[in-house]
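Have a look at the structure below, then the notes.
The values are calculated or read from the model by the stated rules, or taken from the named source; none is laboratory data. Every value quoted in this text rests on a predicted model; they were computed, and no experiment measured them. Glycine also receives a Cβ, built like all others from the backbone with ideal geometry; neighbour counts cover every protein chain displayed. Side chains are part of the model used for accessible areas, which takes the heavy atoms of the whole protein and leaves out ligands, DNA and RNA. Shrake-Rupley method; radii C 1.70, N 1.55, O 1.52, S 1.80 Å.
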Amino acid sequence: MVRDGFFYGLALLVVATIVWFFTHIVGLTAIPVLLALFFLWFFRDPTRTIPTEPGAIVSPGDGKVDGAEWIETIDGRRLRVSVFLNVFDVHVNRCPVEGIVTLVEQRPGQFLNAMKEESAVLNEQTLIVIDTGEFTVSFKQIAGLLARRIVCNLKAGDRVERGQRMGLIKFGSRVDVLLPTEAQLRVKVGDRVKGGSSILGVMPSVQKP
């Protein structure tokens with residue numbers, strides 16, 4: 001479990017104790033207790049089996065694939081895969097590939113519904129770029145309507161492993177991954193994916209001997 005869960009959970013249990021001490025009303029006391037249980041569950045951090053397939057690019061987060069399309073960027077054409085995380089999904093984010101972090105850029109912005117396409121540009125977000133040595137993958141942690149805090153524990157120069165925990169987005173959000181042109185897509189819109197274990201795409205050039 002992410003330690004934030006303990007902080008929220010314990011604080012609410014203290015509130016529940018105070019409410020019970022002064023009121024002895026079960027209904028009132030139950031509210032902070034139920035909220036405490038929700039936060040303990042929300043900040044869960046399950047163990048994941050990380051794929052070892054060469055050239056695999058895994059999902060940075062749990063959720064539903066709500067977009068897979070080609071877009072033009074300053075670095076050329078890229079395949080963007082968008083994963084929407086609702087409030088019931090695991091919100092711990094993971095690195096899609098192993099390599100060296102070359103960029104971590106925080107961008108302030110709005111808090112539009114993360115299911116809207118324009119949220120990828122207008123919403124508060126953190127952009128991370130990882131160079132594997134063979135290819136480069138960039139991905140974004142994008143705040144949503146309810147998400148008000150993005151946590152990224154990476155900095156430029158860090159060496160990371162595929163599936164490594166790297167942060168989280170609190171209370172509903174979205175992650176976008178930009179795959180290289182040569183990547184072979186392994187998911188489709190509507191698929192459910194798990195952070196660190198579901199393969200979004202594979203680089204065929206890396207798979208060749």
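The table below gives the values:
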read-out: Filtered residues of region 1-21 (kept if without any contact (Cβ under 8 Å) to a residue 60 or more places away in the chain and assigned to a loop (DSSP other than H, G, I, E, B)); value: 1
read-out: Filtered residues of region 156-167 (kept if in a strand (DSSP E or B) and open to solvent by 10 Å² or more (accessible area, probe 1.4 Å)); value: 159, 165
read-out: Enumeration of residues in region 78-116 that are assigned to a loop (DSSP other than H, G, I, E, B), open to solvent by 50 Å² or more (accessible area, probe 1.4 Å) and modelled with pLDDT of 90 or more; value: 98
read-out: Residue tally, condition free of Cβ contacts under 8 Å to residues at least 40 places away in the same chain, surrounded by fewer than 16 Cβ atoms within 10 Å (Cβ to Cβ) and either touching a helix residue (DSSP H, G or I) at 6+ places or on another chain (Cβ under 8 Å) or of a type outside the set (Ser, Thr, Tyr) (or both), over region 22-48; value: 13
read-out: Filter pass, residue 51 being assigned to a loop (DSSP other than H, G, I, E, B), modelled with pLDDT of 90 or more, over 14 Å from the mean Cα position of the chain (by Cα) and crowded, with 16+ Cβ neighbours inside 10 Å; value: yes
read-out: Candidate set: region 171-209, residues that are modelled with pLDDT of 95 or more and among the hydroxyl-bearing types (Ser, Thr, Tyr); chosen: the one surrounded by the most Cβ atoms within 10 Å (Cβ to Cβ); value: 198
